[in-house]
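Read the figures in this text as sums done on the coordinates, not as results from a lab. All values reported here derive from a predicted model rather than from experimental measurement. Positions of Cβ are generated from backbone atoms using ideal geometry, with glycine treated the same way; all protein chains shown enter the neighbour counts.
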Amino acid sequence: MTSAIYLDYQATTPMDSRALEAMLPFLRQDFGNPHSTQHQFGQKAQLAVEAARGKIARLIGADSREIVFTSGATESNNLAIMGAARFRARMGDGVKRVLVFAFEHKCVLESALSLKEEGFEVEILPVTSEGFANLDALRQALKKPTSLVSLMAANNEIGTIQPIEEAGELTRAAGALLHVDAAQAIGKIPMNFNNMCVDLASISAHKMYGPKGVGALYVRRRPRARLLPIFQGGGQERGLRSGTIPAALCVGFGSAAEIALGEMETEAEQLLLFRTQFCNILENLGAKFKVNGSLTNRLPGNLNLSFEGISALQVMKNAPNIAISTGSACSSAAVEPSYVLQAISASAADAEGALRIGFGRMTTYAEIESAAQTLASATSFQSSDD
Amino acid sequence: MTVYLDYNAAAPLSSGARAAMTAAMEHQANPSSVHKYGRYAHQVIEGTRASLANAVGARYEDITFTSSGTEACALILRLSNRRRLIVSAIEHSAVLGNAPGASFIPVKNNGQIDCDFLKHLLGKDASDAVVALMLANNETGVIQPVEEVADIVHSVGGLLAVDCAQAFGKLEIDIGSLGADAIALSASKIGGPLGVGAAVFRNGLSPKPMILGGGQERGIRGGTENVLGIAGFNGALTEISARLSSSEFVCDLRNRLEDSIRRIHPECFIAGTEAPRLSNTSAISMTGTRAETQVIAFDLAGFAVSAGAACSSGKVTSSHVLMAMGVSEEQASSTIRVSLGPETTQEEVDSFVRAWSDLYGKKVRNDVSGLD
């Protein structure tokens, strides 16, 4: 039996062993509570957390004071959306309107929709069939006073990179804040929030070869994005996110950010090459498939394919050694067509056939070749009749 | 080598936790096991859930993992949609901060809450109320009469949420015999890693979720789980009975510490000694020397202690816990927290007493020369 090939890098990434190594001392001798800053144990942990914060800030062109540690991008998204919307509703001019795009991550949609209970108006904006935010719809929707717009940097299923810069200019001009769920994009493509009108951005460590259980929210200082915490306590992270900071996880996250900053560019070239090679091999073997979402302006490590006449679940059954998925990881236990593909108005057949294939840092050419061959035979009717 | 006497802020990672995390790390760094990762992560999380259920006498499905004790505290306060919140005056900021508009239960001089006052606050019908009371205080170690309070609260239809973070691993916790409707826990207080907590709900109660999306933790708490941390939590749980049985030894050390200090300074104020206390915690005042000054001096002398709760150590304010007990401002601002653990030795305690004596001696000499 051949060993499994992991091609699900948008669900989660293996940890980079350098990031893992960086964490170890904080699980051993340097176990202090990073808020116990009056003694050496705490100071060591605190210094390491602050160094990590600096590395994450550098990766996104931010100031380290703009980084708030959270338990992951889901919490960051919840904090950004509920926190900013509530701040303006309660402490500002009372505007209660939030805009999100139809293909956002579930946690963005749920956070936004939950605000309806508090009397917010929540509008879900359409996306194009190529997989991009419909900016005309945004322009139109911003004619009404709006507190917050949430647009992801890159989609988690089809990898399309969104026009954040343009969206930021529109929202800024309309007096609204822009929140960006950047979980899939950070560490994969260059992102400089300082140069864009992005007010809030969510980052996840485990999507960029860091540990699970830690993430960050970028909170712009100038002009300052204001928000209310979703829960309180010891007042850590400038009062925005209470709870003892897990120093080891932050250190692993920081290390992953540093590695990404140094290697992102060459890695992206490599992944793009792999993606092209993968598609070429499939085509050469006569596989009939369609790529969902635009191939330009797309994360280099992402593919989303529908093979002709065969459901995604059947493909996965026929090729059990290839780790790919039908959609986002959290909802993949549920077997229903992807709402992301429905949002880009893919046909029912395409949506049911859609497979997300993700390449990453540990992927090799041998894996690309073997996976493409396996999938080509898993989707061809001749071979299944044999 | 610094002597660590700040176990209530964070306990060193236990060997069981470290071993479990090392094993989990192999899986995190290996792409071919990441393939089976979903299944592996599921095993880790559900295995820990089972151990924790067993440790606190709860059902498996009663447990929700969170990112910290603070988050767990915030979550247990969201029990049902009850509007009236009643909290003790000495709760941790994780409870106080998440209870806006709450009524406060005062504490007596011994550090335990005033049950008569609570009855008065609850009134005849408390079916709209959630009461929050910590099992043991993080600053003084004073243990609250939670079982008694549970009866009081339930007799008028109220619900009881108990922050067990600091008591965890130091006292046996059985959610049923406590009579709590929900409890909050933190892995790091029992030798597990930072970044993992748990909220436990009884009788099918569930909170209004705080972090939405993804559907993890039966929809109560969204977000990809801290698998490494949860693995470490399980490792720490395997050692919890050893930790609990060390409390007698720790208590002897703590008594040795307090007796020695009392021999040096007989009038020395130690908080909560009239009430049952955690065996490891000592809140000791050196009247006239500010807590911050002491903590810095002890750090230089090679001892890690704290001036109250870790999260607020940045700010210099007198402890709300001591003030609620009726301790004078002067004494409260000169009280430090010394908290011991299973790894603490008699030599460490004795050397700390010598350092305490030195600092106290200097203060006395200064006071005397100041009179000249």
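So what is the calculated 222 nm ellipticity per residue for the protein assembly as shown, using -39500 (n - 2.57) for each DSSP H run with n of 4 or more, over all residues, to the nearest 500 deg cm²/dmol?
On the way: 27 runs with 301 residues, N = 758.
After summing the helix terms and dividing by residue count, I get -12000 deg cm²/dmol.
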Task: Shape call, segment A:92-223: gyration tensor on alpha carbons, a/c limit 1.5 - done: rounded
Task: Residue of B:Gly69, B:Gly47, B:Gly214 that the Gaussian network model of chain B assigns the largest fluctuation, springs spanning Cα pairs under 10 Å - done: B:Gly214
- [ ] Could you tell me how many degrees, from 0 to 90 and to the nearest 10, lie between the Cα long axis of helix B:146-155 and the main elongation axis, the longest principal axis, of the Cα atoms of chain B?
- [x] 50 degrees
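Over the protein assembly as shown, what is the percentage of antiparallel beta bridges among all DSSP beta bridges, to the nearest 5? Can you show the working numbers first?
Numbers: 41 of 76 bridges.
Of the beta bridges lying entirely in the protein assembly as shown, close to 55 percent run antiparallel.
Quick check on my link table: of B:Lys108/B:Lys363; A:Lys106/A:Lys188; A:Lys55/B:Lys189; A:Lys144/A:Lys188; A:Lys116/A:Lys207; A:Lys207/A:Lys290, which ones sit more than 23 Å apart, alpha carbon to alpha carbon?
Working: B:Lys108/B:Lys363 31 Å; A:Lys106/A:Lys188 21 Å; A:Lys55/B:Lys189 29 Å; A:Lys144/A:Lys188 35 Å; A:Lys116/A:Lys207 30 Å; A:Lys207/A:Lys290 26 Å.
Pairs exceeding the cut-off: B:Lys108/B:Lys363; A:Lys55/B:Lys189; A:Lys144/A:Lys188; A:Lys116/A:Lys207; A:Lys207/A:Lys290.
Could you state the orientation-averaged shadow area of the convex hull built on the Cα atoms of segment B:183-304, in nm² to one decimal? Let's see the in-between values first.
Values: hull surface 46.3 nm².
Projected area, direction-averaged: 11.6 nm².
Once the Cβ-Cβ distance between B:Arg256 and A:Ser3 is put in as r, and R0 is 60 Å, what FRET efficiency do you end up with, to the nearest 0.05? Provide the component values of the computation, followed by the final result.
On the way: r = 58 Å, r/R0 = 0.96.
That pair, B:Arg256 with A:Ser3, gives E of 0.55.
State, as an integer percentage, the relative contact order of chain A based on alpha-carbon contacts under 8 Å between residues 6 or more apart.
Numbers: 798 pairs, mean separation 88.6, N = 386.
Relative contact order of chain A: 23 percent.
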Task: Positive-end residue, chain A charge dipole about Cα centroid, Cβ charges, pick of A:Ala225, A:Gly301, A:Ile158 - done: A:Ala225
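Within the set of other residues whose C-beta is less than 13 Å from the C-beta of A:Ser311, count the net charge using Lys and Arg as +1 and Asp and Glu as -1.
Net of charged neighbours comes to -3.
With a ≥ b ≥ c taken as the square roots of the eigenvalues of the C-alpha gyration tensor of segment B:15-240, please select rounded if a/c is under 1.5 and otherwise prolate if a/b is larger than b/c or oblate if it is not?
prolate
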- [ ] Please report, in cubic angstrom per residue, the volume enclosed by the convex hull of the alpha-carbon atoms of segment A:17-258.
- [x] 110 Å³
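So if I place +1 on the C-beta of Lys and Arg and -1 on the C-beta of Asp and Glu, and nothing else carries charge, what would the dipole magnitude of segment A:17-258 be about its Cα centre? I want it in debye, nearest 20. Show your work: numbers first, answer last.
Working: 28 positive and 23 negative charges, 132 e Å.
Rounded to the nearest 20 debye, it is 640 debye.
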- [ ] Run the dipole for the protein assembly as shown about the Cα centre, Lys and Arg Cβ at +1, Asp and Glu Cβ at -1, nothing else charged, and hand back the magnitude in debye, nearest 20.
- [x] 1240 debye
- [ ] Would you be so kind as to identify which of B:Ser93, B:Pro209, B:Gly191 lies farthest towards the positive end of the dipole of chain B, taking Lys and Arg as +1 and Asp and Glu as -1 on Cβ and the Cα centre as origin?
- [x] B:Pro209
Task: Of B:Ala167, B:Ala58, B:Ala301, the one that fluctuates the most in a GNM where chain B has Cα springs shorter than 10 Å - done: B:Ala301
Task: Cα extents of segment B:95-206 along the three principal axes, largest first (Å) - done: 43, 37, 28
TODO: Starting from segment B:131-188, pick out the GluC sites (Glu not before Pro) whose DSSP state is loop and whose Cβ has at most 15 other Cβ atoms within 10 Å.
DONE: B:Glu172
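Which shape class applies to the protein assembly as shown: rounded if a/c is under 1.5, otherwise prolate when a/b exceeds b/c and oblate if not, where a ≥ b ≥ c are the square roots of the Cα gyration tensor eigenvalues? Kindly include the intermediate steps, with their values, before the conclusion.
Details: a/c = 1.98, a/b = 1.79, b/c = 1.10.
Prolate.
For segment A:129-195, which trypsin sites (Lys or Arg not before Pro) are both in a DSSP coil and crowded by at most 14 other Cβ atoms within 10 Å? Before the final figure, lay out each step's value.
Numbers: sites: A:Arg139, A:Lys143, A:Arg172, A:Lys188; in loops: A:Lys143, A:Lys188.
Listed in order of number, the matching sites are A:Lys143.
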